[in-house]
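What follows is a single structure, written as structure tokens, with notes after it.
Laboratory data are not the source of any read-out in this text; all were calculated from the coordinates shown. Treat the numbers as computed from the prediction; the structure is a model and nothing was measured. Cβ: placed from backbone, ideal geometry, glycine included. Neighbour counts: every protein chain shown.
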Amino acid sequence: MSLLPMVATGASVRRQGKVLIGPVDLRLDGQGVTIVIGPNGAGKTSLLKMLHGIVRLRTGSVSWNCPVEEARERQAFVFQQPVMMRRSVVDNVAYPLRLIGVPRRAARAEALEWVKRIGLEAAADRSANVLSGGERQKLALARALIRKPEVLFLDEPCASLDGRATREIEALLQDAVAAGTRLVMSTHNLGQALRLANEIILVARGQIQEHRSAGDFFAGPETPEGRAFLRGDIVE
Amino acid sequence: MSELWEGITRAIWLVVTLDADLVEITLRSLRVTLSALVVASLIALPLAAVLAVRRFWLRRATIAVLNALMGLPPVVVGLLVYVVLSRDGPLGVLGLLFTPTAMIIAQVIIIVPLIASIAHQSLRELWSDYHDLLISLHTSQFQRICTLLWDGRRALLTAALAGFGRAIGEVGAIMVVGGNIDHHTRVLTTAIALETGKGEFALALGLGFVLIGLAVAVNLCIHWLGQTERTGRW
Ligand SMILES: Nc1ncnc2c1ncn2[C@@H]1O[C@H](COP(=O)(O)OP(=O)(O)O)[C@@H](O)[C@H]1O
Ligand SMILES: [Mg+2]
């Protein structure tokens, strides 16, 4: 049974008396790529973490088409600052498999395939903490994909990466989409949104301002923030 | 002055010729302290990991107690263990007083708080690094604890070495509960105290050299572990 649709109703997250995001009513369905855009501090990270279910809801609910316990195991999340575990590169990638009881050798063998795919073969047995920014992001992506998640959240995975690393990441993402993974990804990069998006969610001031198909959005945003994003303006 | 010189040269001679008494006492010291270290680590390291990842209601109290215990003078620990193990004490029937086991018990009590505190510091740091990832991967408490213990292994070894350093150099508690009995409970520190008291500087200094050597080795290991903490390959 499919994990989707995901339905959020009146969902909000608060910290220290401040609403970080919401209330959000949102339905996530179908296939492809949802791109979350919006200025800094708008609440993009909070939205992704809320949908993924790793922050406590203040109000409302986020439900998936399966029991809550199961839902999280069928999703994955790539954080803006990827977490490098104090292990070798290949053991980092193998970790999610080890958690679900895959024996060490089998997990490492599969992880090694991924390590080759992301071009880090030469560093496979080195500590993950010696990797560069782009390499870390690729490692985090491989680690997220190794359990073949049905939904993958990515929080600005290409912020602070150069063109080549961005291209490599996007290629991996496109492979994942082709394999049926549903992507929900925040970005600051207009070009990236144009290249990847099937639908756009525009967040500003802790609220979803627009949620439309990419074609509609790029043809004519409805909000000032949307127009500013398309112009490439600096949005406050 | 010449007496001191003679003491030092004889001490060096004792060390390089592996004097039988010196070797016996050194080995007993190592046996007692390594046993205490293993037991203390088995208690302190999981405790530190649990304190790092779980938010149970006694957590703060436990940390406060550990810190307080760390400040306890070892000789007082020795006294308490003595009272408990003495013939009229609650565990007197075990007949453990003045045995190496009593010394191990005292050392365990002295170093558990130290190891747990140091380990807790580093594991809490590691947990804040790992928190989002491990929550996202839907790990169980048990998996979180195992992951922290494994990935924090260098920091934990550092904590254990600090415990070893403290235990091997401790004299008050083990003198009280061990009794410094020749061929039975005499260890490096108690032997040094005794030989110095008798004016036998040669053996005291020889044992002192061994103790210093151990302390230096431990600190070199800690230093090296600190340097390879993040990027080491094992
Ligand atoms: N733990 C927190 N406590 C208080 N405020 C927070 C916390 N996390 C984020 N915020 C605030 O919430 C707002 C939304 O943050 P975030 O979701 O990270 O935005 P974005 O990812 O779009 O830049 C920001 O103003 C940020 O400063
Ligand atoms: Mg963000």
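Placing unit charges on the Cβ atoms only, positive for Lys and Arg and negative for Asp and Glu, gives the stretch B:19-91 a dipole magnitude near 640 debye about its Cα centre. Note that the stretch A:63-194 shows a convex hull volume over its alpha carbon atoms of 113 Å³ per residue.
Seen from B:Ala202, the other residues with C-beta closer than 12 Å to its C-beta sum to a net charge of -4, counting Lys and Arg as +1 and Asp and Glu as -1. Each residue of the stretch A:98-106 is assigned a 3J(HN,Hα), and the resulting list reads 4, 4, 9, x, 6, x, 3, 5, 5 Hz, derived from the Karplus form 6.51 cos²θ - 1.76 cosθ + 1.60 (θ = phi - 60°), x at Gly and Pro. Per-residue mean of foreign Cβ neighbours for A:77-87 is 5 (Cβ atoms of other chains, 10 Å radius). Inter-chain neighbour count for A:109-117: the average number of beta-carbon atoms from partner chains within 10 Å of each residue's beta-carbon is 0. Report the residue, chosen from B:Gly152, B:Gly71, B:Gly179, that carries the largest GNM mean-square fluctuation when chain B is represented by alpha-carbon nodes joined by springs under 10 Å. Of B:Gly152, B:Gly71, B:Gly179, the Gaussian network model singles out B:Gly71 as fluctuating most. Can you tell which of B:Ala119, B:Ala11, B:Ala40 shows the greatest fluctuation in a Gaussian network model of chain B with Cα springs below 10 Å? Comparing B:Ala119, B:Ala11, B:Ala40 in the GNM, the peak value goes to B:Ala11.
With helices as the sole contributors, chain B gives -26500 deg cm²/dmol at 222 nm; each DSSP H run of n ≥ 4 counts as -39500 (n - 2.57), and the sum is divided by every residue. Our compactness index for the stretch B:161-229, the C-alpha radius of gyration over the empirical 2.2 N^0.38 Å, is 1.28. Please label the shape of the protein assembly as shown as rounded, prolate or oblate, based on the square roots a ≥ b ≥ c of the eigenvalues of the alpha-carbon gyration tensor (a/c under 1.5 means rounded; beyond that, a/b larger than b/c means prolate, else oblate). Taking the square roots of the gyration eigenvalues as a ≥ b ≥ c, the protein assembly as shown is prolate.
Plainly put, the stretch A:107-167 has a radius of gyration that is 0.95 times its Kirkwood radius, both from alpha-carbon atoms, as the Rg/Rh ratio.
Each residue of the stretch B:72-85 is assigned a 3J(HN,Hα), and the resulting list reads 5, x, x, 5, 6, 4, x, 4, 4, 4, 4, 4, 5, 8 Hz, derived from the Karplus form 6.51 cos²θ - 1.76 cosθ + 1.60 (θ = phi - 60°), x at Gly and Pro. The shape of the stretch A:85-130 comes out oblate: with a ≥ b ≥ c from the C-alpha gyration tensor, a/c is at least 1.5 while a/b does not beat b/c. A protection proxy built from the mean count of other Cβ atoms within 10 Å ranks the segments A:180-190, A:86-96, most packed first, as A:86-96, A:180-190.
Taking Cα atoms only, the orientation of helix B:153-168 departs from the longest principal axis of chain B by about 30 degrees. Here is how the number arises for chain A: DSSP H runs of 4 or more residues each give -39500 (n - 2.57), the sum is divided by the residue count, and the result at 222 nm is -11000 deg cm²/dmol. Here the Gaussian network model covers chain B, with springs between Cα atoms less than 10 Å apart; of B:Ser140, B:Ser41, B:Ser29, B:Ser140 fluctuates the most. Note: relative contact order over chain B, using C-alpha pairs below 8 Å and six or more positions apart, is 33 percent. In summary, chain B shows an alpha-carbon radius of gyration equal to 1.17 times the 2.2 N^0.38 Å reference for compact globular proteins. Apply the a/c threshold of 1.5 to the C-alpha gyration tensor of the stretch A:38-121 and tell me whether it is rounded, prolate or oblate. Note, shape of the stretch A:38-121 comes out oblate.
Our analysis of the stretch B:1-81 gives Rg over Rh at 1.24, with the two radii drawn from alpha carbon positions and Rh computed by the Kirkwood formula.
Show log10 I(q)/I(0) for the stretch A:175-231 at q = 0.12, 0.17, 0.18, 0.26 Å⁻¹, two decimals, from a solvent-free Debye sum over equal Cα scatterers. Once normalised to I(0) and log-transformed, intensities are -0.28, -0.55, -0.61, -1.16.
By the rule of a C-alpha distance below 23 Å, with chain neighbours fewer than 8 residues away ignored, the lysines paired with A:Lys18 are A:Lys44, A:Lys49.
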